[in-house]
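Note sheet for the following structure.
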Amino acid sequence: METVKYTLTEEQMPTAWYNIQADLPQALPPVLHPGTGKPITPDDLLPLFPLALIEQEVSQQRWIEIPDAVRSIYCQWRPTPLYRSRRLEQALDTPAKIYYKYEGVSPSGSHKPNTAVAQAYYNKQAGVKKLTTETGAGQWGSSLAFAGALFGLEVLVYMVNVSYQQKPYRRALMESYGARVVASPSNETQAGRKILAEYPNSTGSLGIAISEAVEMAAADEQTKYALGSVLNHVLLHQTVIGQEALAQLELAGDYPDIVIGCTGGGSNFAGIAFPFIGAKLRGERDIQVIAVEPAACPSLTRGKYAYDFGDTAHLTPLTKMHTLGSGFVPEGIHAGGLRYHGMAPLVSHIVNLGLAESRAEYQLGCFAAGLTFAKAEGILPAPEANHAVKAAIDEALRCKEEGVSKTILFNLCGHGHFDMQAYIDYQAGRLVDTEYSATEVAMALSGLPVVE
Ligand SMILES: *Cc1c(COP(=O)(O)O)cnc(C)c1O
């Protein structure tokens, strides 16, 4: 039995992004101004984002048209393939059907260019010259660097220090696209200097790197800030993934019982799951949706659903989300893209409403699952994506145990070709399972902002 590929033509690529806010049974809690505690206005965000993206952030319109210029760039790698992994099914000896959507075919190797290209486009339209951002594993930084090169925008990336050390090739890729990459915390910003004064050997975190990038963008009129996950407009741009998967499954004559994605900030999970959750909310088929996060940074499963800052230096507005506290610095696990203290407000809201469930996995089990997958399919997943692979395999094995056949769909959000050191370390037995520190989380949560 061979693996089967389902492809769409360029004409069948989605023409609009899907905005789940239009179908939610309860509106998303408002974003609050950290000074006044009142809902923020578009004006508050203008120093950081172009108006078009702010409008998308708050839009209640179900479909938002993808500009032609963005769509024609997407066409270089989209529609991405959907596979039915018959060889993995066979290897697991499961009655389940396993489908995966493969986003690793993009130029930078993950789902991130789906939003990077859109964000670069709207910034260019607004006359912006330079974008600042943060990156964990380097997937987002390289995607924005790629998009910046396409639109002639300067890109400055604050890269979490532990990844800067662990992933020199990702840094080299960003620099190849023309971006400048700085290890975070850095001496270039007030936020960075403050952390370094207290912790000279800080491994850094996404929360710290966001503070640095936001500070630099706010200080210069021609510079804006781009975020690779978490925000509503980012999740919106990723919905091309799930929309394509719906059409491809229709070609296969199938519909998933279970949809799975890994979650760092929530964007690839939202990308694959929101179109299916939307269909359910509009009275179409019911599905089980699973968000999988690392046990070392378990915001959805162990965090508090509360208003918190998106960054460590408290420069961002307050959003209601599952959070481990903005001061929490997770262990340096290899799935660097999943080391964020918070979670997308939309994903948090959806989990809170019971429309999706969450689980946490340790890294050793995830790497083992990734290798099982690689042996069957030949694609080596990104360490982040291994969390989704793990859950898909577990669900397929559960089907075998229970003697039921279910259709499982997961998002293979990126390849692991820049993460070979992680695989070398895993195979050499040098990786360990790290527990998050409940004491540190409690400490970080005790600093949550007080909201009336
Ligand atoms: C960035 C990244 C993630 C985590 O971000 P989400 O917004 O949760 O998707 C996961 N996997 C890969 C491959 C990434 O590049």
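Phi angles of the stretch 16-24 translate, via the Karplus equation with coefficients 6.51, -1.76, 1.60 and θ = phi - 60°, into HN-Hα couplings of 9, 7, 9, 9, 5, 4, 5, 10, 5 Hz per residue; Gly and Pro are given as x.
If I stretch the segment between Leu196 and Gln125 completely, what's the gain in nm (0.36 nm per residue apart, minus their alpha carbon distance), one decimal? Working shown, then result.
Working: separation 71, 0.36 × 71 = 25.56 nm, distance 3.68 nm.
Answer, rounded to one decimal: 21.9 nm.
Spatially, the stretch 219-287 and the stretch 375-414 are offset by 18 Å when compared through their Cα centroids.
Here the chain carries DSSP beta bridges of which approximately 35% are antiparallel, counting only pairs with both residues inside. Remark: spin-label model distance Lys375-Arg180 equals 4.8 nm, labels positioned 7 Å along the Cα→Cβ axis. On full extension, the segment bounded by Ala149 and Val404 gains 86.9 nm, given 0.36 nm per residue less the C-alpha separation.
Would you please put 247-257, 117-127, 388-398 in order of how densely packed they are, using the mean number of other Cβ atoms within 10 angstrom per residue and starting with the highest? Can you show the working numbers first?
Numbers: 247-257: 16.0, 117-127: 21.6, 388-398: 23.2.
By packing density, highest mean first, the sequence is 388-398, 117-127, 247-257.
The Cα-based radius of gyration of the chain, divided by its Kirkwood radius, gives an Rg/Rh of 0.94. Express the carbon and sulfur contribution to the solvent-accessible surface of the stretch 1-111 as a percent, rounded to the nearest whole number, probe 1.4 angstrom. The value for the stretch 1-111 is 52 percent carbon and sulfur by accessible area. Charged side chains reduced to their Cβ positions (Lys and Arg at +1, Asp and Glu at -1) give the chain a dipole of some 420 debye around its Cα centre.
Candidates Ile208, Ile195, Ala392 compared by Cα position along the dipole of the chain: farthest toward the positive end lies Ala392, with charges placed on Cβ.
Comparing Leu315, Ala374, Tyr74 along the charge dipole axis of the chain, the residue lying farthest to the positive side is Ala374, per the Cβ-charge model. Axis angle, to the nearest 10 degrees, between helix 113-125 and the longest C-alpha principal axis of the chain: 40 degrees. Solvent-accessible area per residue in the stretch 209-298 equals 24 Å², computed with a 1.4 angstrom probe and all protein chains kept. Annotation: for a label point projected 7 angstrom from Cα along Cα→Cβ of Ala22, residues of the stretch 245-287 with backbone N closer than 16 Å are 274-284.
Rounding to the nearest 20 debye, state how big the charge dipole of the stretch 294-452 is about its Cα centre with +1 on each Lys and Arg Cβ and -1 on each Asp and Glu Cβ. Could you put the intermediate results ahead of the total?
Working: 11 positive and 17 negative charges, 40 e Å.
Roughly 200 debye, rounded to the nearest 20.
With protein chains left intact and a 1.4 Å probe, residues in the stretch 343-452 average 42 Å² of accessible area per residue. The stretch 426-452 and the stretch 149-208 have Cα centres lying 22 Å from one another. Ordered by 1.4 Å accessible area with all protein chains kept, Arg282, Arg430, Arg78 run largest first as Arg430, Arg282, Arg78. Estimated from helices alone, the mean residue ellipticity of the chain at 222 nm is -12000 deg cm²/dmol (sum of -39500 (n - 2.57) over DSSP H runs with n ≥ 4, per residue). For the stretch 343-452, the share of accessible area belonging to carbon and sulfur comes to 53 percent (1.4 Å probe, ligands and nucleic acids excluded).
Give me the percent relative contact order of the stretch 16-115, please, defined on Cα pairs under 8 angstrom at least 6 residues apart. Present the calculation step by step, with values, prior to reporting the outcome.
Numbers: 83 pairs, mean separation 23.3, N = 100.
Normalised by residue count, the contact order of the stretch 16-115 is 23 percent.
With the cut-off at under 18 Å, measuring from each backbone N in the stretch 351-370 to a point 7 Å along the Cα-to-Cβ line of Ala428 picks out 364, 367-368.
Of the listed pairs Lys112/Lys224; Lys38/Lys320; Lys112/Lys375; Lys101/Lys320; Lys5/Lys97; Lys280/Lys390, which have alpha-carbon separations greater than 21 Å here? Show your work: numbers first, answer last.
Values: Lys112/Lys224 18 Å; Lys38/Lys320 13 Å; Lys112/Lys375 25 Å; Lys101/Lys320 30 Å; Lys5/Lys97 14 Å; Lys280/Lys390 25 Å.
Checking Cα-Cα distances, Lys112/Lys375; Lys101/Lys320; Lys280/Lys390 exceed 21 Å.
The values are calculated or read from the model by the stated rules, or taken from the named source; none is laboratory data. Computed from a predicted model, the values in this text were never measured in an experiment. Every residue, glycine among them, receives a Cβ derived from its backbone with ideal geometry; neighbour counts consider all protein chains shown. Remember, those area values only see protein heavy atoms, side chains included, never the ligands or the DNA or RNA. Shrake-Rupley method; radii C 1.70, N 1.55, O 1.52, S 1.80 Å.
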